[in-house]
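Q: Please find one structure pasted underneath; my questions will follow.
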Amino acid sequence: MSDKLEEFQKYNYHAPRNCENCNGVMHYKGIGEYSCEYCGHIMYDDYGLVRNYLEVNPGATSALVARETGVSEKTIKNMLKEERLQIREDSRSFMKCEGCGASITSGRYCEACAKIAMAVAKRKKDKQILEEKKEHVQVISTEIPRGEQGRKRFLGNDD
């Protein structure tokens, strides 16, 4: 299965698995479009439906897109947060940055907060890697082994 298809299915965009015409297996072609391996019928997941609608109706509100495509507003909002869609610059609608509350057109954070969030995530990952390395490090003794009478072994016990 392709990485793109797994990514779409992870977000549950209602990817068609079987053809509605012949029940054949649907193959992901890209940008939310699927094609039947037997009859060639084209079907779309939620992202494909929304994207196609917005190409014909640029600037439509999420409520209108939801009503016309059958895709929930929550799913459309998730697409915006995932940066699969973007609110037009001239729109009266906007989203708020989860960090500072600034107006944004897609994603979860404004540019400044995104940098901070990435730095925090990197620090957290680096700390986790360091902890994992500490678990695997074995303590090596630097003490020189000595024989029964306290002499160094293997250095000629004739002394």
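Q: Check off (1) surrounded by 17 or more Cβ atoms within 10 Å (Cβ to Cβ); (2) not in a helix (DSSP H, G or I) for ILE76 and give me the number that stays unchecked.
A: The number of the failed condition is (2).
Q: Let me ask something else. Can you name every residue in segment 82-101 that is surrounded by 15 or more Cβ atoms within 10 Å (Cβ to Cβ), outside any loop (DSSP other than H, G, I, E, B) and not hydrophobic (A, V, I, L, M, F, W, C)?
A: none
Q: Would you check if TYR47 is out of contact with any strand residue (DSSP E or B) (no Cβ under 7 Å at 6 or more places or on another chain) and modelled with pLDDT of 95 or more? Before you say what the answer is, go through the steps one by one.
A: Numbers: out of contact with any strand residue (DSSP E or B) (no Cβ under 7 Å at 6 or more places or on another chain): yes; modelled with pLDDT of 95 or more: yes.
Yes.
Q: If you don't mind, another one. Sort out which residues of segment 40-56 are surrounded by 12 or more Cβ atoms within 10 Å (Cβ to Cβ) and not in a helix (DSSP H, G or I), and write them in order of number.
A: Step one: of segment 40-56, the residues surrounded by 12 or more Cβ atoms within 10 Å (Cβ to Cβ) are 41-54.
Correct list: HIS41, ILE42, MET43, TYR44, ASP45.
Q: Just checking, does segment 5-18 include any residue being assigned to a helix (DSSP H, G or I), modelled with pLDDT of 95 or more and of a type in the set (Asp, Glu)?
A: no
Q: Also: Filter segment 57-73 for residues that are in a loop (DSSP other than H, G, I, E, B) and either under 14 Å from GLY32 (Cβ atoms) or under 25 Å from the mean Cα position of the chain (by Cα) (or both) and give the result.
A: Initially, segment 57-73 is screened for residues in a loop (DSSP other than H, G, I, E, B), giving 57-61, 70-72.
Once the filter is applied, which keeps residues that are in a loop (DSSP other than H, G, I, E, B) and either under 14 Å from GLY32 (Cβ atoms) or under 25 Å from the mean Cα position of the chain (by Cα) (or both), segment 57-73 yields GLY70, VAL71, SER72.
The values are calculated or read from the model by the stated rules, or taken from the named source; none is laboratory data. On a predicted model such as this, the values are computed, not experimentally measured, just so you know. Don't worry about glycine lacking a Cβ; one is built from the backbone with ideal geometry, like all the others, and counts go over all protein chains shown.
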